[in-house]
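Each remark here refers to the structure printed beneath this line.
The values are calculated or read from the model by the stated rules, or taken from the named source; none is laboratory data. Values in this document were obtained by computation on a predicted structure and should not be read as measured data. Cβ atoms come from the backbone with ideal geometry, glycine included; neighbour counts cover every protein chain shown. These accessible areas exclude ligands, DNA and RNA; they are computed on the full protein's heavy atoms, side chains included. Shrake-Rupley method; radii C 1.70, N 1.55, O 1.52, S 1.80 Å.
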Amino acid sequence: MPVVPVDPVHPDPAIITDAAVRLRAGELVAFPTETVYGLGANALDAAAVARLYAAKGRPAWNPVIAHVPDHEAARALARAWPAAAERLAQAFWPGPLTLVVAKAAHVPDVATAGLDAVAVRVPAHPVALALLRAAAVPVAAPSANRFTQVSPTTAQHVVRSLGDRVPLVLDGGPCAVGIESTVVDCTGEDVRILRPGMIGRESLQDALAPIGIHVRHGARGTVAHGATQLAPGDVPRAPGMADRHYAPQAEVWLFPAEQREEIVSALNERATGGRPVVALLRTVTLPTPTQVTAMPSEPDTYARVLYAALHDADTAEAGLVLIEAPPEGDAAWDGVRDRLSRAAR
Ligand code: AMP
Ligand code: MG
């Protein structure tokens, strides 16, 4: 599959035009965004979106995010544009925030998994923005990996996961945010965080306080504390709410620092058939033989390197991955905590 290097700040217009023509023709193109690499397809072309689902092995119930270059293009996909959506778009776009709003009639059902709502985002990455402007169509762009695998934050991760399933990958270097966008539902009286990300509840609430709108965790009709929880029988409104997700191939143990001793004894009991034990640690140490990645102590820098560390565990053919949990109760870690708990399921 051709991987085409592209300057992440000033992308070559000829490369962008070629990629945009492919998207308009219904082809798939993988490209960098500030969150993770996306696998793009023309969101208004039902056949192209179907090819996207097939390439990822993504189940049809899992809707995709339509990426657009500006606010106007986002509003064009919405049947109604609530005050909350307008405030959040003004405050956080372009950036790692996805807004779920009532969908316009011309958005194909395949892109929304049959839901009456569509998810839209204006990404901040210059390559993504240039591509979206040139394509002049909304681009469905879920993470460019096979379903349930770890999302890609480099072009090499895309190639490893999708291989020949994607005809073109624009390589703009590593992603700055590193985990997927915060997804919020703006279709009701309050705003619901469907998927936590690096834009946290507090920042969202600050933007919405002047118009008296509350921000809560969890899909409507579900009870949630902190991270999103899917109740039995609920339709998953956020694909990120699927069970095991963002997961390396090996079994993952997520443990709080206080449980280090238990982990050490459990490790002694646990055979990995000669495959390495990989550990992502922030504060504790573990006895060898363990391949240790020292993880950053701040949530932003942690998020940026997390998926690369999980991909490295896959490359090392780890038999077991140990991850020291983020500090409990600190909301700045909500996005990272959500991804780690899904990886460990
Ligand atoms: P991904 O493409 O895997 O990064 O994730 C797509 C995300 O988009 C999911 O986590 C959902 O939260 C969200 N999403 C897409 N469409 C909708 C929709 N119609 N309603 C609610 N959430 C949606
Ligand atoms: Mg994904």
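When the C-alpha atoms of region 251-292 are aligned to their principal axes, what extent does each axis show, in angstrom, from largest down?
Taking max minus min along each principal axis of the Cα atoms, region 251-292 gives 27, 18, 18 Å.
Report the residue, chosen from ASP45, ASP171, ASP12, that carries the largest GNM mean-square fluctuation when the chain is represented by alpha-carbon nodes joined by springs under 10 Å.
Residue with maximal mean-square fluctuation among ASP45, ASP171, ASP12: ASP12.
May I ask you to order 250-256, 281-287, 130-136 by the average number of other C-beta atoms within 10 Å around their residues, highest value first?
130-136, 250-256, 281-287
Kirkwood Rh over alpha-carbon pairs of the chain, then Stokes-Einstein at 25 °C and 0.890 mPa s: what D in µm² s⁻¹, rounded to an integer? Display every interim value, and only then the final one.
Numbers: Rh = 20.4 Å.
D, rounded to a whole number, is 120 µm²/s.
Under the rule of at least 5 residues apart or a separate chain, name every residue whose amide H is placed under 5 Å from the amide H of ILE65.
When sequence neighbours closer than 5 places are left aside, the close amide H contacts are ALA141.
Express in Å², to the nearest 10, the accessible area of ARG275 obtained by rolling a 1.4 Å probe over the protein heavy atoms while all chains stay in place.
Rounded to the nearest 10, the figure is 110 Å².
Considering only protein heavy atoms, what is the solvent-accessible area of HIS217 at a probe of 1.4 Å, reported in Å² to the nearest 10?
The value for HIS217 is about 40 Å².
Which one of LEU97, LEU281, GLY329 is farthest out on the positive end of the charge dipole of the chain, using unit charges on Cβ (Lys, Arg +1; Asp, Glu -1) and the Cα centre as origin?
The residue sitting most towards the positive pole is LEU97.
Of the listed peptides 101-111, 175-185, what is their order by residue-averaged count of other C-beta atoms within 10 Å, with the highest listed first?
Details: 101-111: 17.6, 175-185: 25.6.
Put in order of decreasing packing, that is 175-185, 101-111.
Considering only protein heavy atoms, with the full assembly of protein chains and a 1.4 angstrom probe, order PHE92, PHE31 by accessible area, largest first.
PHE92, PHE31
If amide hydrogens are placed 1.01 Å from N in the peptide plane, which non-local residues have theirs closer than 5 Å to the one on THR33?
The answer is GLY38.
Once you list every other residue whose beta carbon is under 12 Å from the beta carbon of VAL4, what net charge do they have if Lys and Arg are +1 and Asp and Glu are -1?
The answer is -3.
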